[in-house]
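Down below is the structure, laid out as C-alpha coordinates.
The values are calculated or read from the model by the stated rules, or taken from the named source; none is laboratory data. Given the structure is predicted, the values throughout are model-derived calculations rather than measurements. Reconstructed Cβ throughout: ideal geometry from the backbone, glycine too, with neighbour counts over all protein chains shown. What goes into the accessible areas is simple: the full protein's heavy atoms, side chains included, and nothing from ligands, DNA or RNA. Shrake-Rupley method; radii C 1.70, N 1.55, O 1.52, S 1.80 Å.
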Amino acid sequence: MARAAHPETMGPRRPGPTRTAPPMMPPKFPMAGRYRSYTLFGACSPAFVISSLILLRITWALGDGEAAWSEVLRDLRHPLSLLYHGVALVAFLYTGWRFFIKLFGKSQPPRIGPFRPPPAAAFPPMLIAAWVVASAAVTAVAWGLVL
Amino acid sequence: MKGLILRLEPVIWFFFGSGFLIGCLLFPATIFALGIAAPLGWVPAEALAYDRVAGLAASLPGRVVLLAMLVFPLWNGLNHLRHFAIDLGGVKRDLWIAPLCYGAALVLSLGALFAVVRL
(Lines give C-alpha, C1' and ligand atoms only; values in the text may rest on other atoms or scores of the structure.)
Protein backbone atom coordinates (compact mmCIF):
# COMPACT_ATOMS: atom_id res chain seq x y z
CA MET A 1 0.00 0.00 0.00
CA ALA A 2 1.30 3.50 -0.81
CA ARG A 3 2.52 5.56 2.10
CA ALA A 4 3.71 9.12 2.40
CA ALA A 5 7.36 9.76 1.48
CA HIS A 6 9.40 12.37 3.26
CA PRO A 7 7.92 15.73 2.19
CA GLU A 8 11.35 17.19 1.36
CA THR A 9 12.16 14.42 -1.10
CA MET A 10 12.78 15.98 -4.54
CA GLY A 11 11.51 19.27 -3.17
CA PRO A 12 12.65 22.59 -4.66
CA ARG A 13 15.09 24.77 -2.72
CA ARG A 14 12.43 27.49 -2.36
CA PRO A 15 8.67 26.95 -2.29
CA GLY A 16 7.13 27.52 -5.71
CA PRO A 17 4.11 29.71 -6.45
CA THR A 18 1.86 26.68 -6.89
CA ARG A 19 1.29 23.81 -4.52
CA THR A 20 2.20 20.30 -5.65
CA ALA A 21 0.97 16.98 -4.40
CA PRO A 22 3.13 15.54 -1.62
CA PRO A 23 5.57 12.87 -2.81
CA MET A 24 4.47 9.28 -2.20
CA MET A 25 6.54 6.16 -1.83
CA PRO A 26 5.89 3.67 -4.67
CA PRO A 27 3.14 1.27 -3.59
CA LYS A 28 5.30 -1.82 -4.17
CA PHE A 29 8.28 -0.57 -2.15
CA PRO A 30 10.13 -2.23 -0.48
CA MET A 31 9.43 -5.96 -1.06
CA ALA A 32 7.09 -6.34 -4.03
CA GLY A 33 7.69 -6.34 -7.76
CA ARG A 34 11.03 -5.05 -8.97
CA TYR A 35 11.71 -3.38 -5.61
CA ARG A 36 12.39 -6.77 -4.01
CA SER A 37 15.73 -7.28 -5.76
CA TYR A 38 16.66 -3.62 -5.15
CA THR A 39 15.91 -3.99 -1.42
CA LEU A 40 17.74 -7.33 -1.16
CA PHE A 41 20.71 -5.72 -2.91
CA GLY A 42 20.76 -2.98 -0.27
CA ALA A 43 20.29 -5.50 2.52
CA CYS A 44 23.54 -7.21 1.43
CA SER A 45 25.57 -4.07 2.22
CA PRO A 46 26.17 -4.96 5.91
CA ALA A 47 28.00 -8.09 4.68
CA PHE A 48 30.57 -5.84 2.99
CA VAL A 49 31.12 -3.86 6.18
CA ILE A 50 31.22 -6.84 8.57
CA SER A 51 33.45 -8.95 6.31
CA SER A 52 35.88 -6.03 5.92
CA LEU A 53 35.95 -5.65 9.71
CA ILE A 54 36.65 -9.39 10.13
CA LEU A 55 39.46 -9.13 7.56
CA LEU A 56 40.79 -6.09 9.45
CA ARG A 57 40.85 -8.14 12.64
CA ILE A 58 42.66 -10.97 10.83
CA THR A 59 45.22 -8.51 9.43
CA TRP A 60 45.70 -6.96 12.84
CA ALA A 61 46.22 -10.40 14.38
CA LEU A 62 48.85 -11.24 11.75
CA GLY A 63 50.74 -8.12 12.83
CA ASP A 64 50.44 -9.10 16.51
CA GLY A 65 52.09 -12.50 16.16
CA GLU A 66 51.46 -16.22 16.23
CA ALA A 67 49.38 -16.29 19.42
CA ALA A 68 46.91 -13.72 18.05
CA TRP A 69 46.70 -15.63 14.74
CA SER A 70 45.87 -18.86 16.61
CA GLU A 71 43.19 -17.00 18.56
CA VAL A 72 41.63 -15.71 15.31
CA LEU A 73 41.56 -19.24 13.86
CA ARG A 74 39.92 -20.46 17.06
CA ASP A 75 37.28 -17.69 16.90
CA LEU A 76 36.54 -18.53 13.26
CA ARG A 77 35.52 -22.03 14.40
CA HIS A 78 32.68 -20.61 16.53
CA PRO A 79 29.25 -21.74 15.22
CA LEU A 80 28.04 -18.13 14.97
CA SER A 81 31.07 -17.28 12.85
CA LEU A 82 30.35 -20.24 10.57
CA LEU A 83 26.70 -19.18 10.32
CA TYR A 84 27.66 -15.59 9.52
CA HIS A 85 30.13 -16.66 6.84
CA GLY A 86 27.52 -18.92 5.23
CA VAL A 87 25.06 -16.01 5.07
CA ALA A 88 27.78 -13.60 3.91
CA LEU A 89 28.82 -15.96 1.12
CA VAL A 90 25.24 -15.98 -0.18
CA ALA A 91 25.09 -12.16 0.13
CA PHE A 92 28.32 -11.70 -1.83
CA LEU A 93 27.26 -14.15 -4.53
CA TYR A 94 23.89 -12.39 -4.90
CA THR A 95 25.56 -8.96 -4.99
CA GLY A 96 28.08 -10.24 -7.53
CA TRP A 97 25.36 -11.71 -9.72
CA ARG A 98 23.35 -8.48 -9.67
CA PHE A 99 26.40 -6.23 -10.09
CA PHE A 100 28.15 -8.23 -12.81
CA ILE A 101 25.15 -9.48 -14.77
CA LYS A 102 22.51 -6.80 -14.29
CA LEU A 103 24.19 -3.48 -13.52
CA PHE A 104 27.78 -3.25 -14.73
CA GLY A 105 27.07 -3.03 -18.47
CA LYS A 106 24.23 -0.55 -17.99
CA SER A 107 26.29 1.75 -15.76
CA GLN A 108 29.07 2.43 -18.29
CA PRO A 109 29.50 6.00 -19.54
CA PRO A 110 29.17 6.69 -23.29
CA ARG A 111 32.95 7.22 -23.50
CA ILE A 112 35.86 6.23 -21.25
CA GLY A 113 38.46 8.85 -22.14
CA PRO A 114 39.00 8.60 -25.90
CA PHE A 115 37.47 5.10 -26.08
CA ARG A 116 33.95 3.80 -26.37
CA PRO A 117 33.18 1.04 -23.83
CA PRO A 118 32.43 -2.46 -25.16
CA PRO A 119 28.75 -3.29 -25.72
CA ALA A 120 26.81 -3.98 -22.52
CA ALA A 121 26.34 -7.65 -23.45
CA ALA A 122 30.13 -8.17 -23.45
CA PHE A 123 30.54 -7.39 -19.74
CA PRO A 124 28.83 -10.38 -18.04
CA PRO A 125 31.03 -13.07 -19.68
CA MET A 126 34.19 -10.98 -19.10
CA LEU A 127 33.33 -10.37 -15.45
CA ILE A 128 32.31 -13.99 -14.83
CA ALA A 129 35.62 -15.12 -16.34
CA ALA A 130 37.48 -12.65 -14.10
CA TRP A 131 35.52 -13.95 -11.08
CA VAL A 132 36.39 -17.58 -11.90
CA VAL A 133 40.09 -16.72 -12.30
CA ALA A 134 40.17 -14.61 -9.10
CA SER A 135 38.31 -17.27 -7.09
CA ALA A 136 40.62 -20.01 -8.37
CA ALA A 137 43.67 -17.91 -7.48
CA VAL A 138 42.42 -17.15 -3.94
CA THR A 139 41.49 -20.82 -3.40
CA ALA A 140 44.87 -22.05 -4.68
CA VAL A 141 46.74 -19.62 -2.39
CA ALA A 142 44.53 -20.49 0.60
CA TRP A 143 45.05 -24.23 0.12
CA GLY A 144 48.80 -23.76 -0.27
CA LEU A 145 48.82 -25.06 -3.85
CA VAL A 146 50.75 -21.98 -5.01
CA LEU A 147 53.04 -19.50 -3.19
CA MET B 1 28.59 18.92 6.18
CA LYS B 2 26.06 18.38 3.36
CA GLY B 3 28.11 20.58 1.02
CA LEU B 4 31.32 18.73 1.85
CA ILE B 5 29.67 15.35 1.18
CA LEU B 6 28.31 16.63 -2.14
CA ARG B 7 31.80 17.81 -3.16
CA LEU B 8 33.26 14.42 -2.20
CA GLU B 9 30.59 12.44 -4.09
CA PRO B 10 32.86 11.61 -7.08
CA VAL B 11 35.52 10.18 -4.74
CA ILE B 12 32.94 8.30 -2.68
CA TRP B 13 31.38 6.81 -5.82
CA PHE B 14 34.80 5.75 -7.09
CA PHE B 15 35.32 3.88 -3.80
CA PHE B 16 31.75 2.54 -4.02
CA GLY B 17 32.21 1.10 -7.52
CA SER B 18 35.68 -0.25 -6.75
CA GLY B 19 34.28 -1.84 -3.60
CA PHE B 20 31.69 -3.74 -5.61
CA LEU B 21 34.32 -4.95 -8.06
CA ILE B 22 36.92 -6.00 -5.47
CA GLY B 23 34.37 -7.33 -3.00
CA CYS B 24 32.51 -9.42 -5.56
CA LEU B 25 35.68 -10.73 -7.21
CA LEU B 26 37.75 -11.62 -4.14
CA PHE B 27 35.48 -11.95 -1.10
CA PRO B 28 33.41 -15.06 -1.99
CA ALA B 29 36.50 -17.28 -2.28
CA THR B 30 38.12 -15.60 0.74
CA ILE B 31 35.02 -16.09 2.86
CA PHE B 32 34.73 -19.70 1.74
CA ALA B 33 38.40 -20.44 2.45
CA LEU B 34 38.89 -18.54 5.73
CA GLY B 35 35.37 -18.43 7.14
CA ILE B 36 34.03 -21.86 6.19
CA ALA B 37 36.66 -24.29 4.89
CA ALA B 38 39.45 -23.46 7.36
CA PRO B 39 37.26 -23.76 10.50
CA LEU B 40 35.84 -27.07 9.22
CA GLY B 41 39.35 -28.44 8.71
CA TRP B 42 39.18 -28.65 4.92
CA VAL B 43 42.27 -26.45 4.46
CA PRO B 44 45.63 -28.18 5.20
CA ALA B 45 47.12 -27.04 8.52
CA GLU B 46 50.47 -26.18 6.90
CA ALA B 47 48.70 -23.76 4.54
CA LEU B 48 47.37 -21.89 7.60
CA ALA B 49 50.71 -21.83 9.43
CA TYR B 50 51.44 -18.38 10.85
CA ASP B 51 54.82 -18.01 9.13
CA ARG B 52 53.35 -18.77 5.70
CA VAL B 53 50.27 -16.54 6.03
CA ALA B 54 52.18 -13.66 7.65
CA GLY B 55 54.85 -13.89 4.94
CA LEU B 56 52.24 -13.78 2.18
CA ALA B 57 50.40 -10.87 3.79
CA ALA B 58 53.59 -8.89 4.43
CA SER B 59 54.85 -9.15 0.84
CA LEU B 60 54.28 -6.06 -1.31
CA PRO B 61 51.55 -7.67 -3.49
CA GLY B 62 49.99 -9.10 -0.34
CA ARG B 63 49.85 -5.70 1.34
CA VAL B 64 48.35 -4.05 -1.76
CA VAL B 65 45.67 -6.74 -2.14
CA LEU B 66 44.87 -6.70 1.59
CA LEU B 67 44.58 -2.90 1.68
CA ALA B 68 42.29 -2.93 -1.38
CA MET B 69 40.17 -5.71 0.17
CA LEU B 70 39.89 -3.75 3.41
CA VAL B 71 39.27 -0.20 2.24
CA PHE B 72 37.13 -0.38 -0.91
CA PRO B 73 34.47 -2.85 0.34
CA LEU B 74 34.27 -0.88 3.59
CA TRP B 75 33.43 2.36 1.75
CA ASN B 76 31.12 0.43 -0.54
CA GLY B 77 29.22 -1.15 2.34
CA LEU B 78 28.90 2.03 4.37
CA ASN B 79 27.85 4.16 1.36
CA HIS B 80 25.31 1.53 0.33
CA LEU B 81 24.08 1.29 3.93
CA ARG B 82 23.60 5.08 3.99
CA HIS B 83 21.44 5.03 0.87
CA PHE B 84 19.57 1.93 2.07
CA ALA B 85 18.75 3.75 5.31
CA ILE B 86 17.48 6.77 3.36
CA ASP B 87 15.31 4.50 1.20
CA LEU B 88 13.74 2.82 4.21
CA GLY B 89 13.51 5.72 6.63
CA GLY B 90 13.48 8.97 4.70
CA VAL B 91 16.03 11.59 3.77
CA LYS B 92 15.79 13.48 7.07
CA ARG B 93 17.81 10.86 8.95
CA ASP B 94 20.67 11.44 6.47
CA LEU B 95 21.68 14.41 8.62
CA TRP B 96 23.31 12.01 11.06
CA ILE B 97 23.67 8.83 8.98
CA ALA B 98 25.94 10.32 6.30
CA PRO B 99 28.52 11.76 8.74
CA LEU B 100 28.35 8.54 10.79
CA CYS B 101 28.91 6.26 7.77
CA TYR B 102 31.64 8.32 6.12
CA GLY B 103 33.32 9.12 9.44
CA ALA B 104 33.40 5.41 10.29
CA ALA B 105 34.71 4.59 6.79
CA LEU B 106 37.49 7.16 7.14
CA VAL B 107 38.56 6.03 10.62
CA LEU B 108 38.44 2.34 9.70
CA SER B 109 40.37 2.99 6.47
CA LEU B 110 43.12 4.67 8.47
CA GLY B 111 43.06 1.68 10.83
CA ALA B 112 43.34 -0.66 7.84
CA LEU B 113 46.29 1.33 6.47
CA PHE B 114 48.01 1.11 9.86
CA ALA B 115 47.27 -2.63 10.14
CA VAL B 116 48.78 -3.27 6.69
CA VAL B 117 51.84 -1.10 7.31
CA ARG B 118 52.67 -2.82 10.62
CA LEU B 119 52.61 -6.34 9.10
Cα-Cα P(r), the range B:37-89, percent of pairs per 5 Å interval | 4, 16, 13, 14, 15, 13, 9, 8, 6, 1
Looking only at lysines whose Cα falls under 19 Å of B:LYS2's and that sit 8 or more positions away or on another chain, we get B:LYS92
Nitroxide proxy distance, nm - points 7 Å out along Cα→Cβ at A:VAL132 and A:LYS28 | 3.3 nm
Once the mean 1/r over all distinct Cα pairs of the range A:99-147 is inverted, what Kirkwood radius in angstroms do you read off?
-> 12.5 Å
Per-q log10 I(q)/I(0), the range A:25-103, q = 0.17, 0.23 Å⁻¹ (Debye; single scatterer per alpha-carbon; no solvent) | -0.76, -1.05
Counting only Cα, what are the radius of gyration and maximum Cα-Cα distance Dmax of the protein assembly as shown, in Å?
-> 20.9, 74
Expected output for the range A:72-92, residues with a loss of 20 Å² or more in accessible area relative to the chain alone at probe 1.4 Å, reads A:LEU73, A:LEU76, A:ARG77, A:LEU82, A:HIS85, A:LEU89, A:PHE92
Evaluate the relative contact order of the range B:5-79 (contact order divided by residue number), counting alpha-carbon pairs under 8 angstrom at least 6 apart; express in whole percent.
-> 64 percent
Residues of the range B:91-112 with amide N under 16 Å of the 7 Å Cα→Cβ point at B:LYS2 | B:91-100
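For A:ALA21 and A:ARG57, FRET efficiency with R0 = 45 Å and r from the beta-carbon atoms, rounded to 0.05?
Details: r = 50 Å, r/R0 = 1.11.
It comes out at approximately 0.35.
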Using the heavy atoms of the protein chains and a 1.4 angstrom probe, tell me the accessible area per residue for chain B in square angstrom.
-> 48 Å²
Trypsin sites (Lys or Arg not before Pro) within the range A:44-78, DSSP loop, no more than 11 other Cβ atoms inside 10 Å | none
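Between chains A and B, what is the buried accessible area in Å², counting both sides, with a 1.4 Å probe and ligands, DNA and RNA left out, to the nearest 100?
Using a 1.4 Å probe on protein heavy atoms, the buried area is about 4800 Å².
Counting only protein heavy atoms and using a 1.4 Å probe, what share of the accessible area of the range A:25-103 belongs to carbon plus sulfur, as a whole percent? Please list the in-between numbers first.
Working: 2740 of 4030 Å².
Carbon plus sulfur share of accessible area: 68 percent.
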